[in-house]
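Notes follow once the structure below has been shown.
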Amino acid sequence: MLSNAPWLRTGPAARVLALLNTDGEEARVIGGAVRNALLGVPLGDVDIATTALPEEVVRRAQAARIKSVPTGIEHGTVTLVLDGTPFEITTLREDVETFGRKAKVAFGRDWQRDAERRDFTINGLSVTADGVVHDHVGGLADIAARRVRFIGDPDRRIAEDYLRIMRFFRIHAAYGHGEPPRDAYLACIRGRDGLETLSAERVRMELLKLMVTPGALCAATAMADGGLLLRVLGGVPYLGPFSAMIRAEQSLGLSPDAVRRLGALAVAVTEDARRLSQRLRLSNAETKRLDSMGHRWWRLAGMDETIARRRLYRLGAPRYHDRMMQAFARAGRDADFAKWQHLIGLPQRWQPPTFPLKAADFIARGVAQGPALGHVVALAEDAWLASDFALDPTTLNAIADQTVARYARDHLL
């Protein structure tokens, strides 16, 4: 029972249920929100199923002046937006024929048949507005056991949508205990060729979600053992650094970071990052982070704080942090934790100053505008970094004078 759940009594979800629970129609919250409510974790998106046809859902929303979006109306799904919160409303249905993700559906009024077409038992629960939980597929027992099972035949469920392989491992990693059920695991292995048929965007979304789950390491290990992770990544996974990255985050008190963990799992050099970016169609920001994590991270080993400051100045705090975490994760179990912790925390206690010398300082010393000026400024910046970011005028003037003199000597100016 969820009769005491406040979100069922007041708020936008309660208002949507009230809108649809009239004139002989019924609506229930379904899927992940019910699962999460029973597990006592944040709800996430609240999806609703109803006996009302999509056109009736739209009509009622318009009458109540609620925004409706026909996101998948041909499959029975309409999105209602209330107080800025979207709710997917889907008419009860059963699959007549399936073609991977696409299915020919028939609308109905049978809650059990609707539940039986879903993916996992713990996602097949529904709850009415008064908090009564309906279980047609054994989901309550599986929630109590923290067990993730396919509804019905696992091979058939997977063939309906091969993304369910990714979802199985992600949901098990988030909510399951122990090893994944054997029959489901073997079905995922049998269906692994189907992963190649999925769009890169869908795989990317599930993989990044998996990265930050509590059981990410166990799930990744099981996927690697079954030959699944190689299909997803297009390259050999690095389970040791992945495990070390998770431990590093935990020991440093950092929140799980999906891209950083993916870098530990799949990126050793920049070529790995570029291959992964193309394979998963990562965003530009994600690609840049992974590329930085693969770029000469091994040079950070044994570095003192003076050198670390220069790296931080050149890279900026986000890239510095990612690359330092990558180096730490690959440093091995004998790494000096206190030293790595000190270096990783550098951006929190020291902010790089701005290079104080300007182009005008070198023009005043006789350097003409053009390529030579840019080169002289860059040389002076290197000398300033070697001085450990000196800011006193005497040192800065000496750096400027010496840089101009050296450039003039080397280029016969």
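The values are calculated or read from the model by the stated rules, or taken from the named source; none is laboratory data. Not measured: the values here are computed from a predicted model. Because the Cβ atoms are built from the backbone with ideal geometry, glycine has one as well, and the counts that use them run over all protein chains shown.
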Exactly one of these conditions fails for G366: (1) assigned to a helix (DSSP H, G or I); (2) outside the structural domain of T287 (by TED's automatic domain parsing). Give me its number. (1)
Looking at the stretch 281-289, is at least one residue over 23 Å from A317 (Cβ atoms) and charged (D, E, K, R)? yes
Given (1) more than 20 Å from G32 (Cβ to Cβ); (2) at pLDDT 95 or above, identify the lone condition not met by E94. (2)
Looking at the stretch 288-310 only, could you name the residues that are free of Cβ contacts under 8 Å to residues at least 12 places away in the same chain and touching a helix residue (DSSP H, G or I) at 6+ places or on another chain (Cβ under 7 Å)? none
Can you pull out the residues in the stretch 40-93 that are exposed (fewer than 15 other Cβ atoms within 10 Å of the Cβ) and under 17 Å from L125 (Cα atoms)? G40, V41, P42, G44, D45
Inspect the stretch 275-290 for any residue being of a type in the set (A, V, I, L, M, F, W, C) and more than 17 Å from the chain's Cα centre (by Cα) and give the result as yes or no. no
Which is surrounded by fewer than 15 Cβ atoms within 10 Å (Cβ to Cβ) and modelled with pLDDT of 95 or more, of D161, D130, D142, D153? D153
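Quick grid of which residues meet (1) assigned to a helix (DSSP H, G or I); (2) of a type in the set (A, V, I, L, M, F, W, C); (3) farther than 30 Å from I246 by Cβ:
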residue: R299; (1), (2), (3): yes, no, no
residue: R311; (1), (2), (3): yes, no, no
residue: M324; (1), (2), (3): yes, yes, no
residue: P356; (1), (2), (3): no, no, yes
residue: D382; (1), (2), (3): yes, no, yes
residue: A390; (1), (2), (3): no, yes, yes
residue: A408; (1), (2), (3): yes, yes, yes
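Of the residues that sit in the stretch 6-39 and are aliphatic (A, V, I, L, M) and surrounded by fewer than 18 Cβ atoms within 10 Å (Cβ to Cβ), which one is farthest from I171 (Cα to Cα)?
Ranking the qualifying residues of the stretch 6-39, first place goes to A18.
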Using beta carbons and a limit of 8 Å, which pairs, at least six apart or on different chains, have the first residue in the stretch 180-192 and under 14 Å from R167 (Cβ atoms) and in contact (Cβ under 8 Å) with a residue 12 or more places away in the chain and the second one among the acidic types (D, E) and not in a loop (DSSP other than H, G, I, E, B)? A187/D155; G191/D155
The number of residues in the stretch 151-163 that are in a helix (DSSP H, G or I) and either at positive phi or within 17 Å of the chain's Cα centre (by Cα) (or both) is 1
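Would you kindly identify the helices (runs of 4 or more DSSP H) lying entirely within the stretch 182-264 that contain at least 3 residues that are among the hydrophobic types (A, V, I, L, M, F, W, C), surrounded by 17 or more Cβ atoms within 10 Å (Cβ to Cβ) and not assigned by TED's automatic domain parsing to the domain that holds A285? Before the answer, list the steps.
On the way: elements: 182-190, 200-211, 216-225, 228-233, 239-252.
The qualifying helices (runs of 4 or more DSSP H) are 182-190, 200-211, 216-225, 228-233.
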Test Q341 against the stated conditions and say whether it is surrounded by fewer than 16 Cβ atoms within 10 Å (Cβ to Cβ), within 30 Å of the chain's Cα centre (by Cα), in the same structural domain as D304 (by TED's automatic domain parsing) and touching a residue at least 40 places away in the same chain (Cβ under 8 Å). yes
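Here is a yes/no grid of residues against (1) within 22 Å of A308 (Cβ to Cβ); (2) small (G, A, S); (3) in contact (Cβ under 8 Å) with a residue 40 or more places away in the chain:
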| residue | (1), (2), (3) |
| --- | --- |
| A360 | no, yes, no |
| I363 | no, no, no |
| V376 | no, no, no |
| I399 | yes, no, yes |
Every residue in the stretch 39-55 that is without any contact (Cβ under 8 Å) to a residue 40 or more places away in the chain and small (G, A, S), please. G40, G44, A52
Checking I246 against (1) under 20 Å from L343 (Cα atoms); (2) free of Cβ contacts under 8 Å to residues at least 12 places away in the same chain; (3) among the β-branched types (V, I, T), only one condition comes out false. Which one? (2)
Could you please give the count of residues in the stretch 172-194 that are under 22 Å from the mean Cα position of the chain (by Cα) and aromatic (F, W, Y)? 1
